[in-house]
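The values are calculated or read from the model by the stated rules, or taken from the named source; none is laboratory data. Remember, predicted model here, so these are calculated numbers, not experimental data. Virtual Cβ from ideal backbone geometry, glycine too; neighbours counted across all protein chains shown. For the accessible areas, the whole protein counts, side chains as well, though only heavy atoms, and no ligand, DNA or RNA atoms are used. Shrake-Rupley method; radii C 1.70, N 1.55, O 1.52, S 1.80 Å.
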Amino acid sequence: MPILGLTESLADLKPAHFNIERAIRPNILTLHPYRCARDDYQDGILLDANENALGHSIVSESELDIEKGTLALPLHRYPDPSHPDIKSRIATLRGLPGPRNVFLGVGSDEVIDMLQRVCVAPGREKVLITPPTYGMYAVCAQVNDVEVVKVPLELGGEEGEGGEKGRFSLKVDEIKKAVDADPSIRLIFLCSPGNPTGTLLSLSAIRAILEYPGFTGVVVVDEAYIDFANAPDNSAASLISEFANLIVMQTLSKGFGLAAIRLGIALAQPPLIQVLTNTKAPYNISTPTAVLALSALSPASLTRTRGKVEDLLAGRKALLEALAALKDLGVGSAIGGNDANFIVVPIMNRGKEGTPDNKRAMGVYKMLAEEKGVVVRYRGGEMGCEGALRITVGSEEENSVAVQKLREALIHL
């Protein structure tokens, strides 16, 4: 069995009695890893990874220049294993009682993996996801030898976008049927606002799942993009005080513009947080990451962060209008709720019927990246996203260039 991504032959490995295919678990040998944006393109105007194009908003709390001061930190010492000051600031920001409601991970991906390890028995139990959704839920499931049950979101747009019944809303009754039919489902992953949907899930739908007695596992709500939803009262963190079976994931990667420091957050009642704390590696959050995170959560930095988020929301509105002006060239109306820092638009074929066209969308995607210097993300292979390109909201200048280059590509293809 070949190892995906390995070009060298396995035939000449030594010693002769060693067979790597027998040493590695079969589910790992067949693993298709998560393909991140930087696996495809690294240069140009990068509007493909949903990063905060305006950068971080850190205001240093000391006279020490943070960027130059890393080497002045006690790097010869292990970091604080608990980081109570960071947790306290996060709890205050999200309206929770205190540090015992907060867990810190190496990005949200560590939290996703840990939840599957602590909640789901390998080879016997399952997780439920609602595609189209974030790919790491399924990748972590395969790594942990956990089966995935899929209950798609509402894919039709007859009831509008998002909300209770619109496109990319939760199909609560179908989720209830799935867990009734399969008691081995122990985790439900919900993404709000979703990736790639950009759609905020309604709290009433999330509440209905949390309250359902037929499901006795844990509901996970991934809110990586919540700071762009322009509706802070719609965070599932507001439900934590009522539901011990809820865990909300957030991050400093998106709204805070700190993707490089890899700090993920889990919010829940103390019992779930303590289980994660008991399970994590001893020093999972590095000292440089902790120093930057604490500064990013200071009052002055939060004020600056909110200002940049407002600028990006204005940029999102302007970008939506600019993309709508390309309708005659084959850019369809944006799909989803537009509640994140990206926009998803279908690229239509050139025929009169104007249907989403994966082949044309892929051509536009490649031409933008390889000839026009603008990198977006092709999402046409995702359920309900036929012909779709996902475009991160950039700076005003980046958005302007991206729209112009998209126009040029559409004229050519």
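Worth pointing out:
- Pairs over the 18 Å Cα-Cα cut-off, from the set 254/308; 126/150; 126/177; 150/280: 150/280.
- For segment 206-307, the list of GluC sites (Glu not before Pro) that fall in a loop by DSSP and count at most 14 other C-beta atoms within 10 angstrom reads 242.
- Calculated accessible area for the chain comes out at 47 Å² per residue, all protein chains present (probe 1.4 Å; ligands, DNA, RNA ignored).
- Counting only residues at least eight positions apart within a chain, or on another chain, the lysines with an alpha carbon under 17 Å from that of residue 165 are 176.
- Taking 23 Å as the straight-line reach from the Cα of residue 366, the lysines in range (excluding those fewer than 8 positions away in the same chain) are 327, 405.
- Trypsin sites (Lys or Arg not before Pro) restricted to DSSP loop in segment 149-252 with at most 15 other C-beta within 10 Å: 165
- Part-to-part distance (alpha-carbon centres) for segment 2-45 and segment 65-125, which is given in Å: 30
- Segment 321-401: C-alpha gyration tensor shape, a/c 1.5 cut-off, then a/b vs b/c: rounded
- The distance linking segment 177-191 with segment 381-413 is 36 Å (Cα centroid to Cα centroid, whole angstrom).
- In terms of its C-alpha gyration tensor, the chain comes out rounded, because the ratio a/c of the largest to the smallest axis stays below 1.5.
- The apolar share of the surface of segment 283-328, taken as the fraction of accessible area on carbon and sulfur atoms (1.4 Å probe, ligands and nucleic acids excluded), comes to 59 percent.
- Theoretical ellipticity at 222 nm over the chain - DSSP helices of four or more residues, -39500 (n - 2.57) apiece, nearest 500: -10000 deg cm²/dmol
- If the segment from residue 233 to residue 158 were pulled out straight at 0.36 nm per residue, it would be longer than the present Cα-Cα gap by 24.3 nm.
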